[in-house]
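These notes concern the structure reproduced below.
The values are calculated or read from the model by the stated rules, or taken from the named source; none is laboratory data. What you see is a predicted model, and the numbers here were worked out from it, not measured in a lab. Virtual Cβ from ideal backbone geometry, glycine too; neighbours counted across all protein chains shown.
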Amino acid sequence: MIADWSCSLIEVATHSRLDTSYGPAEATRPHVMVRLTDGDGRSGLGEASPLPFFTGETATSIKLQLEQVFLPALIGRDPFDHDEAMAVLDRLLPENRSAMCAVDMALYDLRGQLSGAPVYRQLGGLRRPEGFRVTRAIGLLSLDKTVQMAQHWVERGFRTLKLKIGLDPAEDIDRILAVRRAVPADVRLRVDANQGYDLPSAMRVLRALADAVEYCEQPLPARDLGGLRALRAETGVRITVDESVHTMRDLLRVLDAQAADALVVKLIKCGGLRAAEHLAAVATSAGMPVMVVSPFETHVGAAAGVHLAMTLPPSPFAQELSIFAVEPRGPRTESSIETAGDRVLPPKAAGLGASYAEHES
């Protein structure tokens, strides 16, 4: 039974500073860390690293929700009664998915500690015994700096690059085509506009990049499913949705509108591993590849994404969990997850296989 909990807010230097169409990157980011402890002193960790413009939650609001509502409600509960625990939280304070995500992760990690098995064994089991490749992302930079960064990561063994676009169609076209010319043909490029374009601009950009990219992520505002469908039909470029899908209801709307070819899953926007597992199951059954993205989490939150990705069907598309490939040990957090070049290997440790140093702020 859950006997105790703790909740910390830590500040960590941003491991990947990406300027996007949302604005410039922050030098440091807040992370809300949760620890659930049973009567024998065994504990599980969870994390919520907020993206306020995605979910409407801040680190301060998440910590308050957890400490005053969610975590006290877990005392005395069996960590194996996962769905009931999450249903209780949803009844107490619905829609707060980043805060729920931290609890969800901690429940999975605690059960992993109790059973001695990696978290992916609690999900769908290991479907990628050789692991998976990860991307490196490049923010909105000048053309020359974009090309330099692309070459830098290719030289270090990365075979998929994600490039941010969405502010200036002409400049975006020039930058992406310059990178396409500068890197080997077998290096995959994907682009992400973060809702930055209107439909005419997106049409112009994707027609110009049709032969250069493997897909475009969220070129239009989240609710413009008709526009996304038109882009798929008229440009020939695969469309991947991120901001458009937070819940199962969102995903069903996207599928009904035929608005996307692939799905991005972020644990903080859907409510954690359990909800993400359901989204991934429906998407893959509909023929949509799933990319698990951990944009700013520490090793704790990103490790949860790794376990989810290990349960997905093999796919040619790289996952976006590259913190392990570029920062094997992060400030205040560390992980036992191993990598080989740009490939993340299946975790062997019990639970999430990640830890962090307690630090209240």
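Would you check if there is a residue in the stretch 213-232 being assigned by TED's automatic domain parsing to the domain that holds Asp261, part of a loop (DSSP other than H, G, I, E, B) and at pLDDT below 95? No.
Could you list, in sequence order, the residues of the stretch 310-361 that are surrounded by fewer than 19 Cβ atoms within 10 Å (Cβ to Cβ), under 19 Å from Ala262 (Cα atoms) and hydroxyl-bearing (Ser, Thr, Tyr)? Answer for the stretch 310-361, where residues must be surrounded by fewer than 19 Cβ atoms within 10 Å (Cβ to Cβ), under 19 Å from Ala262 (Cα atoms) and hydroxyl-bearing (Ser, Thr, Tyr): just Ser315. Exactly one residue out of His307, His299, His278 is surrounded by fewer than 24 Cβ atoms within 10 Å (Cβ to Cβ) and not assigned by TED's automatic domain parsing to the domain that holds Pro50, and it is His278. Taken over the stretch 167-212, the criterion of being within 26 Å of the chain's Cα centre (by Cα) and basic (Lys, Arg) is satisfied by Arg175, Arg180, Arg188, Arg190. Would you check if there is a residue in the stretch 336-349 being hydrophobic (A, V, I, L, M, F, W, C), closer than 21 Å to Met100 by Cα and either part of a helix (DSSP H, G or I) or at pLDDT below 95 (or both)? No, the stretch 336-349 contains no residue that is hydrophobic (A, V, I, L, M, F, W, C), closer than 21 Å to Met100 by Cα and either part of a helix (DSSP H, G or I) or at pLDDT below 95 (or both).
Report, by residue number, each residue of the stretch 50-64 that is β-branched (Val, Ile, Thr), outside any loop (DSSP other than H, G, I, E, B) and surrounded by fewer than 16 Cβ atoms within 10 Å (Cβ to Cβ). Please lay out each step first, then the result.
To start, the set of residues in the stretch 50-64 that are β-branched (Val, Ile, Thr) comprises 55, 58, 60, 62.
Still in the list and also outside any loop (DSSP other than H, G, I, E, B): 55, 60, 62.
The answer is Thr60, and nothing else.
When you check Glu95 against the structure, is it in a loop (DSSP other than H, G, I, E, B), surrounded by 22 or more Cβ atoms within 10 Å (Cβ to Cβ) and not assigned by TED's automatic domain parsing to the domain that holds Val290, yes or no?
On the way: in a loop (DSSP other than H, G, I, E, B): yes; surrounded by 22 or more Cβ atoms within 10 Å (Cβ to Cβ): no; not assigned by TED's automatic domain parsing to the domain that holds Val290: yes.
It is false that Glu95 is in a loop (DSSP other than H, G, I, E, B), surrounded by 22 or more Cβ atoms within 10 Å (Cβ to Cβ) and not assigned by TED's automatic domain parsing to the domain that holds Val290.
Restricting attention to the stretch 310-338, the residues that are out of contact with any strand residue (DSSP E or B) (no Cβ under 9 Å at 6 or more places or on another chain) and either in the same structural domain as Leu9 (by TED's automatic domain parsing) or over 30 Å from Ala357 (Cβ atoms) (or both) add up to 0.
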